[in-house]
Amino acid sequence: MTEKDNQTEEKIFEAATEVFIEKGMDGSRMQDIADRAGMNKSLLHYYYRTKDRLFNAVFEMIALQMMKKFAPVFDANTSFENKIRFFFSEHISFLQKNPRLPAFLLNEINRNPDRIRKFVSNVNVENFWNMLYTQHKNELDKYGITRENIPQIMTTLVSMSVFPFAAKNLLEGILGQIGLKFEDYMEERKTFAADFVISGLKNMKK
């Protein structure tokens, strides 16, 4: 691809991501994306012939961006506790920049579960669990964590940072009644959630 093609594709991806997150797959039109990208619809169709093809490309790009963001979690030289702290800090920061993303992903996963199944099928989850357990066997044994309950730990971590954004409108109303701003609450949550999880893990064997 030429430099011009790369720039055009970047503009399409940026515009498509914004429109899909705002309106979802069903509510978005190719004309909306073309208008947001500042180009005519025929050029958009030249690069991506259908809305479904463009949506699949955007969905996979978002998922890959999130995975790359958390690559340091795979660093064998980082303790399990520090990985937990890193996860909450980086994941919440990522969602603060993309607050509509959780609702978008949950909606699209429910709308087309085959898409996420296809994506997950390309990820060797078992290798990830085994690697994490091997890297931190002594720490995990101390907490009473086995290979079998690592998925419970992982889904707990993700839900603790994702849920406030998925329920942002509701949570803002509740927090507002006690004088808390959502952004301040989420900044505090980066540390609170990590401390809460680590404290809970330390008590698992008691």
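Once fully extended, how much extra length lies between Phe70 and Gln31, figured as 0.36 nm per residue of separation less the alpha-carbon to alpha-carbon distance?
Working it through step by step, the gained length comes to 10.6 nm.
Please give the net charge around Phe94, taking every other residue with its beta carbon less than 12 angstrom from that of Phe94, where Lys and Arg add +1 and Asp and Glu add -1.
Here the charged neighbours net out to +3.
Just name one of Thr8, Leu180, Met66: the one whose Cα is farthest towards the positive end of the charge dipole of the chain (beta-carbon charges, Lys/Arg +1, Asp/Glu -1).
Selected residue: Met66.
What does the charge count around Lys69 come to, taking other residues whose C-beta lies under 13 Å from its C-beta (Lys +1, Arg +1, Asp -1, Glu -1)?
Neighbour charge sum, excluding Lys69 itself: +1.
Can you give the calculated 222 nm mean residue ellipticity of the chain, where each DSSP H run of n ≥ 4 adds -39,500 (n - 2.57) and the sum is split over every residue, rounded to the nearest 500 deg cm²/dmol?
Calculated at 222 nm, the ellipticity per residue is -25500 deg cm²/dmol.
In debye, nearest 20, what is the charge dipole magnitude of the stretch 70-206 about its Cα centre with +1 on Lys and Arg Cβ and -1 on Asp and Glu Cβ, if you could check?
240 debye
Counting pairs on different chains as well as pairs 8 or more places apart, how many Lys pairs in the stretch 88-206 have Cα atoms under 21 Å apart?
Count of close lysine pairs: 13.
Is the C-alpha gyration tensor of the stretch 1-61 telling us rounded, prolate or oblate? Criteria: a/c under 1.5 is rounded; beyond that, a/b larger than b/c is prolate, otherwise oblate.
Since a/c reaches 1.5 and a/b is larger than b/c, the shape of the stretch 1-61 is classed as prolate.
Lys and Arg at +1, Asp and Glu at -1: add these up for the other residues within a Cβ distance under 9 Å of Ile198 and post the number.
Neighbour charge sum, excluding Ile198 itself: 0.
Laboratory data are not the source of any read-out in this text; all were calculated from the coordinates shown. From a predicted model like this one, the values you see are computed outputs, not experimental measurements. All Cβ positions, glycine included, derive from the backbone under ideal geometry; neighbour counts span all protein chains shown.
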